[in-house]
1. If one takes the longest principal axis of the Cα atoms in the chain, at what angle in degrees, from 0 to 90 and to the nearest 10, does the Cα axis of helix 3-32 lie?
2. Between residue 60 and residue 26, what is 0.36 nm times their sequence separation minus the Cα-Cα distance? Round to one decimal in nm.
3. So what's the gap between the Cα centers of the range 45-76 and the range 1-30, to the nearest angstrom?
4. Taking Rg and Dmax of the Cα atoms in Å as the quantity of interest, determine which of (1) 15.9, 50; (2) 22.8, 70; (3) 13.8, 48 was computed from the displayed structure.
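Readers should treat all values here as calculations from the given coordinates under stated rules, not as data from a laboratory. From a predicted model like this one, the values you see are computed outputs, not experimental measurements.
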Amino acid sequence: MAPQMKLHLVFSLVMGAMMVVLMTFVVTAANIGFAPGFVAAWARAFAIAYVVAVPVIFFLAPIARRLAAALLGLKP
């Protein structure tokens, strides 16, 4: 695997984990509060969301970078 592709894959895995941990925590807390079973519900939400988020980040991050560069008038 080319170094740039490896970097992009690792970036997607790390960014996915950071975003999904934060978002699933907030949404789970908003929906059920810190009730008994919160950790189990949060873990389930994390597992589902992470499987969706990583491929989305992997495929959409390059598009987002190009769009941001275009909005700022920079070369991507």
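1. 30
2. Numbers: separation 34, 0.36 × 34 = 12.24 nm, distance 2.33 nm.
Length gained between residue 60 and residue 26: 9.9 nm.
3. What the calculation gives is 10 Å, centre to centre.
4. So the structure-derived entry is (1).
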